[in-house]
Amino acid sequence: MKPYHIGFGREDLGSNPPKMVLLSGEPERSRHIANTYLDNTRLLSEYRGLTSYIGYLSNDKPILVATSGMGAPSISIVVNELIQVGVTQVIRVGTSGSIQPHVRAGSIVISQAALCRQGAANDIAPQDYPAAADPFLTVALVQAARELKIEYHLGITASVDTFYEGQERRESSANSHLQGWLCGITEEYRNLNILNYEMEAGALFKMAGVYGVAAACVCAVIAQRIEGEDIIFDSKENAVEKAIQVALKTAQSFS
Ligand code: URA
């Protein structure tokens, strides 16, 4: 049986099927990881832009690289189906916007847990169910960042449903009006020692808790919300590459 959205099934994964997936929001990032860093890469599906590959790390470990799409509804479908085909370890390789002055664009954030303000996540578990990363996978990400001498920040991430309204973007949004409860929310989160905004980790962590798999998240910092709303394209490629390197090194060493 091939799960509908990811477009591949267990029967497509061979006799030594991968347990781990590197999951990114963008199909282009999945393609880059698979084609640049894996051996014997094989495209599994491109249905709906949810591009997935199977390949092998340099130690011959099989691994999947898949695309989650944007936000909790999309990642919930993809992760559900990945678990159905045998995945038990998920590393999200994402992008995010810093909300702390010391978390600079170009660095990476490793999420230990998420504030989960995501509607789809409430279909998976109650609102106050913890959205916690797997401790072993998360420590492995930290270890990899240290060994690679990559600047990283470990802490709490805010996972929200919207890039504009929910992350308090006004100037770059089609509608500069924000609902009252969102006005000042970024400062509120800053004071709660939250490091960054992104749109998938919270739902992923809740799913991992409920479905009994391990999930972790490393994000490239590509916006500095203290200074502005825009994506800082000058540092995006480099920061994303750092997140990829940390994820790959973790994947290589994690059993
Ligand atoms: N992804 C987000 O969700 N927010 C940002 O600011 C950058 C990337």
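The values are calculated or read from the model by the stated rules, or taken from the named source; none is laboratory data. The model shown is predicted, which means the values in this text are computed figures rather than measured ones. Note that we place each Cβ from the backbone using ideal geometry, even for glycine, and neighbour counts take in every protein chain shown.
Only a single criterion out of (1) under 15 Å from the mean Cα position of the chain (by Cα); (2) away from the ligand (no atom under 16 Å from the Cβ); (3) over 25 Å from Ile54 (Cα atoms); (4) among the acidic types (Asp, Glu) is not satisfied by Asp161, namely (2). Scanning segment 197-208 turns up no residue that is touching a Leu at 6+ places or on another chain (Cβ under 9 Å) and more than 17 Å from Ala72 (Cβ to Cβ). Of all residues in segment 178-230, those being without any contact (Cβ under 8 Å) to a residue 12 or more places away in the chain and hydrophobic (A, V, I, L, M, F, W, C) number 1. Exactly one residue out of Ala243, Ala223, Ala215, Ala247 is under 24 Å from Ile54 (Cβ atoms), within 14 Å of the ligand (Cβ to nearest atom) and of a type in the set (A, V, I, L, M): that is Ala243.
Scanning segment 190-212 for residues that are farther than 16 Å from Ile124 by Cα and over 13 Å from the mean Cα position of the chain (by Cα) yields Arg190, Asn191, Leu192, Asn193, Ile194, Leu195. Within segment 165-205, work out how many residues are part of a loop (DSSP other than H, G, I, E, B), within 14 Å of the ligand (Cβ to nearest atom) and over 22 Å from Tyr152 (Cα atoms). Total satisfying the criteria: 6. Once segment 106-119 is narrowed to residues that are more than 15 Å from the ligand (Cβ to nearest atom) and in contact (Cβ under 8 Å) with a residue 60 or more places away in the chain, the residue that is surrounded by the fewest Cβ atoms within 10 Å (Cβ to Cβ) is Ala113. Would you check which residues across segment 2-24 are in contact with a helix residue (DSSP H, G or I) (Cβ under 8 Å, 6 or more places away or on another chain) and either farther than 24 Å from Gly71 by Cβ or not hydroxyl-bearing (Ser, Thr, Tyr) (or both) and list them? Correct list: Lys2, Pro3, His5, Ile6, Gly7, Pro17, Met20, Val21, Leu22, Leu23.
Could we say that Thr41 is surrounded by fewer than 23 Cβ atoms within 10 Å (Cβ to Cβ) and touching a strand residue (DSSP E or B) at 6+ places or on another chain (Cβ under 6 Å) here? Considered against the rule, which asks whether it is surrounded by fewer than 23 Cβ atoms within 10 Å (Cβ to Cβ) and touching a strand residue (DSSP E or B) at 6+ places or on another chain (Cβ under 6 Å), Thr41 comes out as yes. Which of the residues belonging to segment 164-204 are small (Gly, Ala, Ser), farther than 28 Å from Asp134 by Cβ and touching a Lys or Arg at 6+ places or on another chain (Cβ under 7 Å)? Hit for segment 164-204 is Ser176, nothing else. Determine which member of the set Val103, Val78, Val87, Val65 is modelled with pLDDT of 95 or more, crowded, with 20+ Cβ neighbours inside 10 Å, under 13 Å from the mean Cα position of the chain (by Cα) and farther than 16 Å from Ala201 by Cα. Going through Val103, Val78, Val87, Val65 in turn, the sole match is Val65.
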